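The values are calculated or read from the model by the stated rules, or taken from the named source; none is laboratory data. For clarity, every value in this text was computed on a predicted model and none was experimentally measured. Cβ sites come from the backbone with ideal geometry, for glycine too, and all protein chains shown count toward neighbours. Just the protein is used for accessible areas: all its heavy atoms, side chains included, with ligands, DNA and RNA removed. Shrake-Rupley method; radii C 1.70, N 1.55, O 1.52, S 1.80 Å.
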Amino acid sequence: MWDLVMFGFKKIAQKFNLLNFMMTKARYLILTLFVTVFAASGYAQLQSPDEFLGYTLGDRWTLHHQVLSYVKHVAEESEYVTIHHYGTTNQHRELVYLIVTSPENHENIEEIRLNNLRLTGLEDGDITENRKGIVWLSYNIHGNETSSSEAAMRTLHELVRPDSPTPKQWLENTVVIMDPMLNPDGRDRYVNWFNNMLGAEVNPTFDAREHHEPWPGGRSNHYLFDLNRDWAWQVQKESQHRYDIYKQWFPHVHVDYHEQSFTAPYYFAPAAEPFHKAITDWQREFQTTIGENHIGYFDDENWLYFTRERFDLFYPSFGDTWPTFHGSIGMTYEMPGHSLAGLAIEKAEGDTLTLAMRLLQHHTTGMSTVEVASRYSEQMIDAFAEFFETSANNARGTYKTFVVKADNNPDKVYNLLSFLDNLQIEYGTSGSARNANGFNFTTAENESVRIEADDILISAYQPQGNLVRVFFEPNPELADSVTYDITTWEAHYRFGLEGYALENRINPNQTISAYDFRQDRVSGGDRPYAYILSWNSMDDARFLANITREGVRSRFSEVDFEIEGNRFHRGSLVITRDNNRSLGDRFDEIIRTATESHQRHVVGVSTGFVTSGSDFGSSNLRFIDKPRVAVLIGEGTASLNAGEIWHFFDHQLGYPATMLHADHLMRANLNDYDTIVLPSGNYRGVLTDAGIERLSAWTRDGGKLILFGQANSTLAGRNGFQLQRKVAPDAEPSNVDLLQPYGDRVRRAASSRTPGSIFRVTLDTTHPLAFGMDNEYFSLKTDASAFSYLDSGWNVGTSRGNAHISGFAGHEAQALLEDTLNFGVQQHGSGQVIYMIDNPLFRGFWENGKLLMANAVFFVGN
């Protein structure tokens, strides 16, 4: 107790610069009395969460600002804890992490951190003997899975409270990093709603309104993204901030806290199959060791739990797999609860699940994890070092080198290399031409390939070689078809690049930078007749969005043309001075500023007379009306897809769109908009007969309707919408079908599914929807919904024979999806309907599909 009192006084004395008073014994006695008074009053003492908050953890939810206040209190009062700001959310809430370890380790924390990074080979310098195990605990990435942030406060206090010596022994050889709330925007959305629903007493009855949160729920962040699918892609700012800090530490163990159905028992490692083949034997074994320690505690309390089911380690962008591919023991812990559980809920077995129990079990596994990490610290650190050493010197996997052709679109190459830079993946050019045998990503065949001197090589022989394998392997081996998420994400397909995978090792010969593929310049005179920009990428679309918002009027060419020695393809922007007279001298300033901002090469020409193609006054150069866009959002729409579209306009395209509540559809003045986007969704109570007719009439009068996902199914065959579902032909079931064992039902159902696989889509690049795209587009298809070709309309993107390329797709699904529509455009009266059967904006990371959406907004219908 006395040590605590003196430490508390030291903190106070430092704040008031009073330490100089301790120079004499008499003064020291006075100060001792001063400290005793403060200790008796409770000031300057480390408080438990219950003491600090004024209520018992589990009795109510703790809001973000309260959690933040408590962890700051602990950092101020305990020499075992420091707190660090690492960013803010979209709603300006602070993101912090805590470093919890012994005072001696805190004094040497930078040495410990750098030593660990040097084990990876990503940091230069000599490694000293000061090596510590590093455990990272991540809480509440899903906002309405709220118990873990409550547990975080209890675990933090338990690790450092003065009368608990055992955890302090763990902290002598272990550094614990705690992120108490990864998604404060989503969590406060849920908690504030719940508090508004709560009466004088908690109601554990399932039907009570406090158990049924409204759209969109608290799971997602501000932009309705699932942050637990964004670890690798880092589309969202929370993920970007977090990874910047993660790279400074590279923990040996990482836990991602979640909740699942309130009817399920607790889940912890070991994980279910499939495991990605990049996961090492040690990583498999040690998560089992950790799980066995949890089992001891759970058995002592007679708590139910399960392991090795449901939660696999395959998709790379989860909070367990992403750290695993960085050498960590990555694990998900799933507590029963979720938003349906509220503060208490009655279970079918007759007992009541409470928040207090939920946070206790999460607290238990947290403490158990730190305990095991401390016990096996040396073995854990050695295995971590071996993970990176093996990757650098003895790369695993079939393919050892990946090639990106230098003649790909430079914007796409830049985007890939920027992605690799963020992951600390090395690359360079070949330096010499050669022939090789390899897998051609475009043909999806093994064949003889040609490598040129300036082609880009990414070798698997490097510290981050496991990530190279994960992101570039053409078709990741799947041990079990029943998996939790998408099954392919390969980088060539994702970015729209040509290249190869080679089984032999070729080291890059010369260094190259992503910025070698960037340029910003305006060629031609100071005041040209027109400016021209080739249309090939989202960077070009962002340029157009920028200048359109500034009032510039543009055209696009529907034909290829040549002018003043320069050739341009369909979709190229032609921005004439004549169309922008009202801007005066600002016209040139806007173009040049946007050129620099978006690093474009804009060509100025002195005439509108072309060498070939159509002159600039031709009707083949279509005027781009400034789009007035509305996105239907709210109850009835799929929140994740609605969020993808919202974020696309706000942050990826940079063009304004009005988010229109779905239940306002019948009251809104639709004539204020010329483009309406319908995200996927069931639209129950929204797209009634009257609602569908209203949208149909608006489209017939000249509107442009863009449909995603289930919105296509809802409107198919209704009120002039020509889209039709394709169904598998009826077949008489055989005796084999009729006698299928009950135990095989899940795998049998998988034969008709495609949870996330890549299909080859043939594009009609003469249609404005596909301008700037290649003839073949590799689409990430996330369900097996199949639609027939349009009878009268434009079948712009289609899957034909043998379209399946990578990832799992059941044989029935593959057969059904042959000769089907992926992207189509229908003339509907004076307007247009654009069918996005596949989602080109999926999770914001499928980069090569985004131009289709930009084309739909700016080109189609003009």
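Mind counting the residues in segment 794-815 that are touching a strand residue (DSSP E or B) at 6+ places or on another chain (Cβ under 9 Å), surrounded by fewer than 20 Cβ atoms within 10 Å (Cβ to Cβ) and part of a loop (DSSP other than H, G, I, E, B)?
The total comes to 2.
Under the condition of being out of contact with any Leu (no Cβ under 7 Å at 6 or more places or on another chain) and of a type in the set (Lys, Arg), which residue from segment 548-563 is surrounded by the most Cβ atoms within 10 Å (Cβ to Cβ)?
Step by step, filter segment 548-563, then rank; the result is ARG553.
With respect to the numbered conditions (1) acidic (Asp, Glu); (2) surrounded by fewer than 17 Cβ atoms within 10 Å (Cβ to Cβ); (3) touching a Lys or Arg at 6+ places or on another chain (Cβ under 9 Å), which one is the sole condition not fulfilled by ASP588?
Every listed condition holds for ASP588 apart from (2).
Being open to solvent by less than 50 Å² (accessible area, probe 1.4 Å) and more than 28 Å from the chain's Cα centre (by Cα) narrows it down to one of GLU158, GLU150, so name that one.
Of the residues listed, the single one that is open to solvent by less than 50 Å² (accessible area, probe 1.4 Å) and more than 28 Å from the chain's Cα centre (by Cα) is GLU158.
Looking for whichever is open to solvent by less than 10 Å² (accessible area, probe 1.4 Å) and either closer than 28 Å to LYS237 by Cβ or touching a His at 6+ places or on another chain (Cβ under 8 Å) (or both) here; the options are VAL602, VAL629. Which one fits?
The conditions single out VAL629.
Within segment 341-358, identify whether any single residue is open to solvent by 20 Å² or more (accessible area, probe 1.4 Å) and in contact with a helix residue (DSSP H, G or I) (Cβ under 8 Å, 6 or more places away or on another chain), and answer yes or no.
Within segment 341-358, none of the residues are open to solvent by 20 Å² or more (accessible area, probe 1.4 Å) and in contact with a helix residue (DSSP H, G or I) (Cβ under 8 Å, 6 or more places away or on another chain).
Where residues in segment 270-288 are without any contact (Cβ under 8 Å) to a residue 40 or more places away in the chain and not polar (S, T, N, Q), which of them is farthest from GLU386 (Cα to Cα)?
Top of the filtered list is PRO270.
I want to confirm something. Restricting to segment 246-282 and keeping residues that are assigned to a helix (DSSP H, G or I) and open to solvent by 20 Å² or more (accessible area, probe 1.4 Å), which single residue is farthest from PRO474 (Cα to Cα)?
TRP282
What is the one condition in (1) more than 19 Å from ARG760 (Cα to Cα); (2) more than 19 Å from the chain's Cα centre (by Cα); (3) open to solvent by 10 Å² or more (accessible area, probe 1.4 Å) that GLU473 does not satisfy?
(1)
Name the single residue, out of those in segment 52-65 being open to solvent by less than 50 Å² (accessible area, probe 1.4 Å) and not hydroxyl-bearing (Ser, Thr, Tyr), that is farthest from ASN144 (Cα to Cα). If you could, list the steps in order and put the result at the bottom.
At the first step, the residues of segment 52-65 found to be open to solvent by less than 50 Å² (accessible area, probe 1.4 Å) are 53, 55, 57-58, 61-64.
Checking which are not hydroxyl-bearing (Ser, Thr, Tyr) leaves us with 53, 57-58, 61, 63-64.
Details: LEU53: 21, LEU57: 17, GLY58: 15, TRP61: 11, LEU63: 12, HIS64: 13 Å.
Ranking the candidates gives LEU53 first.
List pairs: first in segment 556-571 and in contact (Cβ under 8 Å) with a residue 40 or more places away in the chain and more than 12 Å from GLY772 (Cα to Cα), second open to solvent by 60 Å² or more (accessible area, probe 1.4 Å) and polar (S, T, N, Q), Cβ under 7 Å, 6+ apart or cross-chain?
Final answer for the pair search is GLU562/THR611; ILE563/THR611.
Can you tell me which residue within segment 254-279, out of those that are closer than 18 Å to PRO316 by Cβ and of a type in the set (A, V, I, L, M), is nearest to the chain's Cα centre (by Cα)? Quick ask: steps written out before the conclusion?
Keep residues of segment 254-279 that are closer than 18 Å to PRO316 by Cβ, which gives 254-256, 258, 269, 271-279.
Subset that is of a type in the set (A, V, I, L, M): 255, 269, 271-272, 278-279.
Values: VAL255: 18, ALA269: 23, ALA271: 22, ALA272: 22, ALA278: 21, ILE279: 21 Å.
Taking the candidates together, the pick is VAL255.
Any idea which residue in segment 307-334 is farthest from LEU119 (Cα to Cα), counting only those that are modelled with pLDDT of 95 or more and in a strand (DSSP E or B)?
Going through the qualifying residues, I end up with GLU334.
Can you tell me which residue is surrounded by the fewest Cβ atoms within 10 Å (Cβ to Cβ) among those in segment 645-704 that are touching a His at 6+ places or on another chain (Cβ under 9 Å) and in a helix (DSSP H, G or I)?
The residue in question is ARG700.
For segment 31-48, state whether one or more residues are in contact with a helix residue (DSSP H, G or I) (Cβ under 6 Å, 6 or more places away or on another chain), open to solvent by less than 40 Å² (accessible area, probe 1.4 Å) and at pLDDT 95 or above.
Among the residues of segment 31-48, at least one is in contact with a helix residue (DSSP H, G or I) (Cβ under 6 Å, 6 or more places away or on another chain), open to solvent by less than 40 Å² (accessible area, probe 1.4 Å) and at pLDDT 95 or above, which makes the answer yes.
Which ones in segment 429-457 are assigned to a loop (DSSP other than H, G, I, E, B), within 27 Å of ARG760 (Cβ to Cβ) and either without any contact (Cβ under 8 Å) to a residue 24 or more places away in the chain or open to solvent by 10 Å² or more (accessible area, probe 1.4 Å) (or both)?
Passing the criteria: THR442, THR443, ALA444, GLU452.
Out of the residues in segment 75-89 that are part of a loop (DSSP other than H, G, I, E, B) and farther than 17 Å from ASP244 by Cβ, state the one that is most open to solvent (accessible area, probe 1.4 Å).
This residue is GLU79.
So in segment 775-793, with the set limited to residues that are over 29 Å from the mean Cα position of the chain (by Cα) and among the hydroxyl-bearing types (Ser, Thr, Tyr), which one is surrounded by the fewest Cβ atoms within 10 Å (Cβ to Cβ)?
Looking at the filtered set, the residue picked out is SER792.
As an exercise: evaluate GLY756 against (1) touching a Ser or Thr at 6+ places or on another chain (Cβ under 7 Å); (2) modelled with pLDDT of 90 or more; (3) surrounded by fewer than 17 Cβ atoms within 10 Å (Cβ to Cβ) and give the number of the one condition it does not meet.
Going through the list (1) touching a Ser or Thr at 6+ places or on another chain (Cβ under 7 Å); (2) modelled with pLDDT of 90 or more; (3) surrounded by fewer than 17 Cβ atoms within 10 Å (Cβ to Cβ), GLY756 breaks only (3).
Determine if segment 249-262 includes at least one residue that is over 19 Å from ASN466 (Cα atoms), polar (S, T, N, Q) and touching a residue at least 12 places away in the same chain (Cβ under 8 Å).
Checked against the condition, which is being over 19 Å from ASN466 (Cα atoms), polar (S, T, N, Q) and touching a residue at least 12 places away in the same chain (Cβ under 8 Å), segment 249-262 yields at least one hit.
On the basis of being touching a residue at least 24 places away in the same chain (Cβ under 8 Å), outside any strand (DSSP E or B) and open to solvent by 10 Å² or more (accessible area, probe 1.4 Å), does GLY772 make the cut?
Considered against the rule, which asks whether it is touching a residue at least 24 places away in the same chain (Cβ under 8 Å), outside any strand (DSSP E or B) and open to solvent by 10 Å² or more (accessible area, probe 1.4 Å), GLY772 comes out as yes.
Please enumerate the residues belonging to segment 96-150 that are among the acidic types (Asp, Glu), more than 20 Å from TYR376 (Cβ to Cβ) and either part of a helix (DSSP H, G or I) or free of Cβ contacts under 8 Å to residues at least 40 places away in the same chain (or both).
Matches in segment 96-150: GLU104, GLU107, GLU110, GLU111, GLU123, ASP124, ASP126, GLU150.
Out of segment 512-547, which residues are open to solvent by less than 10 Å² (accessible area, probe 1.4 Å) and among the β-branched types (Val, Ile, Thr)?
Selection gives ILE532, ILE547.
Can you tell me how many residues in segment 458-470 are in contact with a strand residue (DSSP E or B) (Cβ under 8 Å, 6 or more places away or on another chain) and open to solvent by 10 Å² or more (accessible area, probe 1.4 Å)?
Here is the first cut: in segment 458-470, the ones in contact with a strand residue (DSSP E or B) (Cβ under 8 Å, 6 or more places away or on another chain) are 458-460, 465, 468.
Next, only the ones that are open to solvent by 10 Å² or more (accessible area, probe 1.4 Å) stay: none.
Summing the residues that are in contact with a strand residue (DSSP E or B) (Cβ under 8 Å, 6 or more places away or on another chain) and open to solvent by 10 Å² or more (accessible area, probe 1.4 Å) in segment 458-470 gives 0.
Can you find even one residue in segment 608-621 that is touching a Ser or Thr at 6+ places or on another chain (Cβ under 7 Å) and part of a strand (DSSP E or B)?
For segment 608-621, residues touching a Ser or Thr at 6+ places or on another chain (Cβ under 7 Å) and part of a strand (DSSP E or B): present.
Have a look at LEU137, LEU122, LEU114 and point out the one that is crowded, with 21+ Cβ neighbours inside 10 Å and of a type in the set (A, V, I, L, M). Before you say what the answer is, go through the steps one by one.
On the way: LEU122 fails: crowded, with 21+ Cβ neighbours inside 10 Å; LEU114 fails: crowded, with 21+ Cβ neighbours inside 10 Å.
Exactly one of LEU137, LEU122, LEU114 is crowded, with 21+ Cβ neighbours inside 10 Å and of a type in the set (A, V, I, L, M), namely LEU137.
Any residue in segment 697-726 that is closer than 18 Å to VAL860 by Cα sitting within a Cβ distance under 7 Å of a residue that is of a type in the set (D, E, K, R)? List the pairs, counting only those 6 or more apart or interchain.
Close Cβ pairs satisfying both conditions: GLY703/ASP674; LYS704/ASP674; GLN722/ASP791.
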